[in-house]
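See structure below.
The values are calculated or read from the model by the stated rules, or taken from the named source; none is laboratory data. Here the structure is a predicted model, which means the values were calculated and not measured. Cβ atoms come from the backbone with ideal geometry, glycine included; neighbour counts cover every protein chain shown. Note: areas computed on protein heavy atoms with side chains; ligands, DNA, RNA excluded. Shrake-Rupley method; radii C 1.70, N 1.55, O 1.52, S 1.80 Å.
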Amino acid sequence: MKKIGLLVVIVLMVVGFFYFDLNRLLTLDGLKSGLEQFEVWRNKSPFLVYGAFFLLYIAVTALSLPGAAIMTLAAGALFGLGWGVLMVSFASSIGATCAFLVSRYLLQDVVQARFGSRLSTINEGIERDGAFYLFTLRLVPVFPFFLINLLMGLTRIRAVTFYWVSQVGMLAGTLVYVNAGTQIGHLDSLSGILSPSLLLSFVLLGVFPLLAKKLTEAIKSRRVYRAYTKPKQFDRNLVVIGAGAGGLVSAYIAATVKAKVSLVEAHKMGGDCLNYGCVPSKALIKSAKVAHQMRHGANYGLEGCEPRFSFRSVMERIQEIIEEIEPHDSVERYTQLGVDVIQGYAKVIDPWTVEIQRQDGKTQRLTTRSIVLATGSKPSVPDIPGLEEVGYLTSDTLWETFSQLDEAPKRLVVLGGGPIGCELAQSFARLGSHVTQVESSERILSREDTDVSEFARATLTNDGVTVLTEHKAVRCEMNNGQKCVWLEHNGSEVRVEYDALICAVGREARLTGYGLEELGIETKRHLVTNDYLQTLFPNILAAGDVAGPYQFTHVAAHQAWYAAVNGLFGQFKKFRADYRVIPWTTFIDPEVARVGLNEQDAKAKGVAFEKVCYGVDDLDRAITESEAKGFVKVLTVPGKDTILGVTIVGEHAGELLAEFVLAMKHGLGLNKILGTIHTYPTWAEANKYAAGEWKRAHAPDRLLRWVEKYHTWRRG
Ligand SMILES: Cc1cc2nc3c(=O)[nH]c(=O)nc-3n(C[C@H](O)[C@H](O)[C@H](O)COP(=O)(O)OP(=O)(O)OC[C@H]3O[C@@H](n4cnc5c(N)ncnc54)[C@H](O)[C@@H]3O)c2cc1C
């Protein structure tokens with residue numbers, strides 16, 4: 001209401017300005033013809049005229065009315081150079097800030113809410129370089145003054161910054177215009193004030209701060225290298241440390257573009273994903289799912305039976321699958337691709353030297369133009385008294401340990417309600433363990449929306465997992481050979497006995513022991529890098545879990561491209577890592593898959609959205625498979641079919657998501673998905689039906705009423 005009131009006042013003032021023909025006064029001829037009269041007034045009551053002029057100037061600029069340039073000339077003609085510059089400098093900055101604040105007050109929320117996700121890059125830029133950009137715009141008087149005020153109001157630049165940068169930035173232009181005003185009699189047109197050479201000087205002056213900033217960055221980056229001697233020649237173009245997804249792809253790209261590249265791996269080729277992560281966990285999930293389906297054979301008209309199996313065989317199958325995939329990431333394959341693979345532990349000695357303790361006992365030093373750190377992450381182990389003594393497993397150790405067992409551990413505790421915890425809890429429950437899953441926050445999969453968490457909880461509970469949320473493990477004990485963990489819940493303690501405990505409370509980047517500390521490379525939760533994945537030393541880059549913020553194999557591979565290309569060709573062109581469309585899937589059964597914003601993220605970021613939800617229980621294919629549960633939830637820009645984010649819960653959710661990932665990546669809206677033929681009966685039809693839900697919600701009701709009338713008329 002207040003906004004509408006302000007808008008009405010502004011509109012009335014603008015209309016009044018034109019209605020009373022005041023714009024005629026604010027022309028060069030108007031000024032020249034009225035000057036004598038103004039001078040009389042000024043001589044009679046100077047304070048009044050000074051004050052009135054100052055306020056009028058503020059009003060004209062605040063209301064974004066045409067005429068600020070003429071008023072600046074008038075200031076020169078009436079008050080001379082000194083007073084003229086002083087008055088205009090303050091009045092124009094105050095007026096500009098008023099216009100900026102009005103624009104911010106009236107429009108910023110709407111604009112940020114509607115275009116927030118797309119504006120985030122601009123906002124980040126403004127946060128970083130806003131003052132510089134504004135200064136450049138202010139200094140070069142060809143950029144329309146009122147437009148800068150209004151547009152800057154829509155960004156997140158601080159009002160104080162806007163004010164002082166405007167005042168300083170406009171000073172040179174003000175001086176030129178006021179000075180021209182002192183010789184108003186000789187002036188024929190406004191364009192005469194700015195000669196091409198004067199304009200060029202302004203442009204140079206305007207870009208100077210940006211150039212200065214770039215120069216400072218270059219000097220800063222040179223300074224970090226000062227303590228080191230750069231080799232005259234280099235053994236390699238690139239040395240990559242770590243042969244997980246990030247390192248393998250970096251080395252692959254370097255070899256493809258004919259760079260001389262070494263890939264150093266201390267442990268197993270393929271890193272976590274192949275050996276302890278995605279591959280073994282997905283193999284486990286499959287066995288668990290088959291066991292589950294056997295148990296629930298009645299769902300498919302078969303006789304349900306308790307699966308008989310050797311747990312050892314299940315774990316052996318997992319190892320066989322790892323072995324089957326191993327050749328994709330092997331030393332042999334990468335050597336064939338042209339990568340020099342070295343098995344050993346690498347340490348960065350200086351920005352161009354890597355020292356390797358090779359597995360054959362030798363030490364090797366390599367000089368290199370660039371280095372990619374792809375050293376990954378390791379499971380976080382919570383600081384719980386007694387945990388070390390009683391013993392625990394992580395994703396690094398459980399595969400090996402469990403492969404020694406004939407049966408799944410009878411009582412298993414899984415600490416952590418994130419994706420890894422949920423996948424493991426459900427799988428081992430399906431394979432016969434009594435699983436207690438412990439999560440300290442109020443729900444599992446807390447990065448997802450509440451409806452997703454509830455769905456996941458119900459699914460896991462159905463599979464026999466005891467899901468304890470808002471329970472915090474406080475200590476572990478061994479009593480008479482019996483392992484137990486104490487959980488704190490609502491002020492009281494609960495005791496849970498177990499045979500095995502898996503820590504799945506998150507993963508932390510590997511940041512120590514390979515030279516970062518000695519080189520002073522900054523680390524927080526991850527390695528600190530810029531948008532180009534460069535560390536403090538621009539020739540040392542990072543990719544994968546060590547760089548964060550996402551911890552997925554496909555993100556590691558995605559970042560690897562940027563790290564390798566920026567490392568090899570950054571002197572010509574650098575590429576900003578693009579995180580706009582990042583999908584992920586939690587492979588519980590049924591799966592949970594997401595790309596872009598969900599409801600809780602959109603609300604947290606203040607992004608306005610509309611939501612449509614298609615229930616998979618309605619999908620023919622899902623019904624035929626007796627798997628009719630889950631949903632496809634799509635968030636869109638209000639009034640448009642532009643996709644902001646999608647969450648899918650259900651069978652094959654991870655596969656279904658791909659269509660939306662493609663659509664978002666290439667700016668295709670729901671209308672395009674709706675207009676695409678999807679084979680009947682497939683799971684993918686769920687995507688089309690979700691798009692159909694959107695279309696129904698946006699049906700042109702009025703038009704349809706007319707069409708109905710038309711048909712009625714046609715029937716006679
Ligand atoms: C149980 C589990 C399930 C997962 N499931 C999925 C999934 O379904 N989908 C998904 O996308 N992601 C999944 N992930 C995450 C995925 O495994 C990681 O995001 C991915 O492995 C990261 O790859 P990376 O290259 O950054 O690091 P890593 O794969 O960890 O590779 C880093 C390598 O660097 C080596 N190294 C470290 N320091 C040195 C050194 N100084 N010298 C030489 N070598 C060194 C290490 O030995 C390691 O091999 C899962 C993870 C776990 C634990």
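Per-structure values
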{"read-out": "Test set (1) free of Cβ contacts under 8 Å to residues at least 24 places away in the same chain; (2) in contact with a helix residue (DSSP H, G or I) (Cβ under 9 Å, 6 or more places away or on another chain) - residue 547 fails condition number", "value": "(1)"}
{"read-out": "Contacts under 6 angstrom Cβ, first residue in the stretch 394-407 being modelled with pLDDT of 95 or more, partner within 13 Å of the ligand (Cβ to nearest atom) and assigned to a loop (DSSP other than H, G, I, E, B), 6 or more apart", "value": "395/276; 396/276"}
{"read-out": "All positions within the stretch 495-519 that are closer than 30 Å to residue 404 by Cβ and either of a type in the set (Val, Ile, Thr) or within 13 Å of the ligand (Cβ to nearest atom) (or both)", "value": "496, 502, 503, 504, 505, 506, 507, 508, 510, 513"}
{"read-out": "Conditions (1) open to solvent by 20 Å² or more (accessible area, probe 1.4 Å); (2) under 16 Å from residue 441 (Cβ atoms); (3) in contact (Cβ under 8 Å) with a residue 40 or more places away in the chain: number failed by residue 490", "value": "(3)"}
{"read-out": "Leading residue by the ranking (nearest to the ligand (Cβ to nearest atom)) among those in the stretch 330-346 that are among the aliphatic types (A, V, I, L, M) and more than 15 Å from residue 235 (Cα to Cα)", "value": "346"}
{"read-out": "Selected residue (criterion: nearest to the chain's Cα centre (by Cα)) from residues of the stretch 657-716 that are β-branched (Val, Ile, Thr) and more than 21 Å from residue 639 (Cβ to Cβ)", "value": "661"}
{"read-out": "Count - residues of the stretch 230-241 that are closer than 15 Å to residue 562 by Cβ and away from the ligand (no atom under 16 Å from the Cβ)", "value": "0"}
{"read-out": "Condition broken by residue 454, with the remaining ones in (1) away from the ligand (no atom under 16 Å from the Cβ); (2) in contact (Cβ under 8 Å) with a residue 40 or more places away in the chain satisfied", "value": "(2)"}
{"read-out": "Count of the stretch 387-418 residues which are out of contact with any helix residue (DSSP H, G or I) (no Cβ under 6 Å at 6 or more places or on another chain), open to solvent by less than 20 Å² (accessible area, probe 1.4 Å) and in a loop (DSSP other than H, G, I, E, B)", "value": "5"}
{"read-out": "Residue pairs meeting the criteria (Cβ under 8 Å; at least 6 apart or on separate chains; first over 28 Å from residue 78 (Cβ atoms) and open to solvent by 80 Å² or more (accessible area, probe 1.4 Å), in the stretch 4-31; second part of a helix (DSSP H, G or I) and modelled with pLDDT of 75 or more)", "value": "7/106"}
{"read-out": "Selected residue [at pLDDT 85 or above and buried (at least 18 other Cβ atoms within 10 Å of the Cβ)] from 116, 76", "value": "76"}
{"read-out": "Count of residues meeting criterion [within 9 Å of the ligand (Cβ to nearest atom) and either more than 27 Å from residue 321 (Cβ to Cβ) or without any contact (Cβ under 8 Å) to a residue 60 or more places away in the chain (or both)] in the stretch 242-267", "value": "1"}
{"read-out": "Single unsatisfied condition, residue 536 versus (1) modelled with pLDDT under 95; (2) aliphatic (A, V, I, L, M); (3) under 27 Å from residue 692 (Cα atoms)", "value": "(3)"}
{"read-out": "Residues located in the stretch 681-703, provided they are surrounded by 10 or more Cβ atoms within 10 Å (Cβ to Cβ), farther than 16 Å from residue 611 by Cβ and either free of Cβ contacts under 8 Å to residues at least 60 places away in the same chain or of a type in the set (Phe, Trp, Tyr) (or both)", "value": "683, 684, 688"}
{"read-out": "Test result for residue 400, within 19 Å of residue 271 (Cβ to Cβ), more than 35 Å from the chain's Cα centre (by Cα) and not basic (Lys, Arg)", "value": "yes"}
{"read-out": "Residue match in the stretch 257-279 (condition: over 25 Å from residue 371 (Cα atoms) and in a helix (DSSP H, G or I))", "value": "yes"}
{"read-out": "Candidate set: the stretch 580-610, residues that are of a type outside the set (Lys, Arg), within 16 Å of the ligand (Cβ to nearest atom) and in a strand (DSSP E or B); chosen: the one surrounded by the most Cβ atoms within 10 Å (Cβ to Cβ)", "value": "592"}
{"read-out": "Residue 442 being closer than 30 Å to residue 347 by Cβ, within 30 Å of the chain's Cα centre (by Cα), open to solvent by 70 Å² or more (accessible area, probe 1.4 Å) and of a type outside the set (Ser, Thr, Tyr)", "value": "no"}
{"read-out": "Filter result (within 13 Å of the ligand (Cβ to nearest atom), of a type in the set (Ser, Thr, Tyr) and assigned to a loop (DSSP other than H, G, I, E, B)) within the stretch 530-579", "value": "550"}
{"read-out": "Output for the stretch 54-102, where each listed residue is under 24 Å from residue 4 (Cα atoms) and of a type in the set (Phe, Trp, Tyr)", "value": "100"}
{"read-out": "Selected residue [farther than 28 Å from residue 509 by Cα and not aromatic (Phe, Trp, Tyr)] from 312, 369, 333", "value": "312"}
{"read-out": "Options 58, 70, 94; residue that is in a helix (DSSP H, G or I), open to solvent by 50 Å² or more (accessible area, probe 1.4 Å), closer than 20 Å to residue 138 by Cβ and not acidic (Asp, Glu)", "value": "94"}
{"read-out": "Qualifying residue in the stretch 611-623 (condition: at pLDDT 95 or above and within 16 Å of the ligand (Cβ to nearest atom))", "value": "no"}
{"read-out": "Hits in the stretch 347-386 (condition: part of a loop (DSSP other than H, G, I, E, B), away from the ligand (no atom under 13 Å from the Cβ) and open to solvent by 60 Å² or more (accessible area, probe 1.4 Å))", "value": "360, 361, 362, 383, 385"}
{"read-out": "Residue within the stretch 306-316 that is within 15 Å of the ligand (Cβ to nearest atom), closer than 27 Å to residue 585 by Cα and either in contact (Cβ under 8 Å) with a residue 60 or more places away in the chain or in a helix (DSSP H, G or I) (or both) present", "value": "yes"}
{"read-out": "First in the stretch 268-288 and within 7 Å of the ligand (Cβ to nearest atom), second anywhere and among the polar types (S, T, N, Q), Cβ under 6 Å, 6 or more apart", "value": "268/275; 273/553; 276/395; 278/553"}
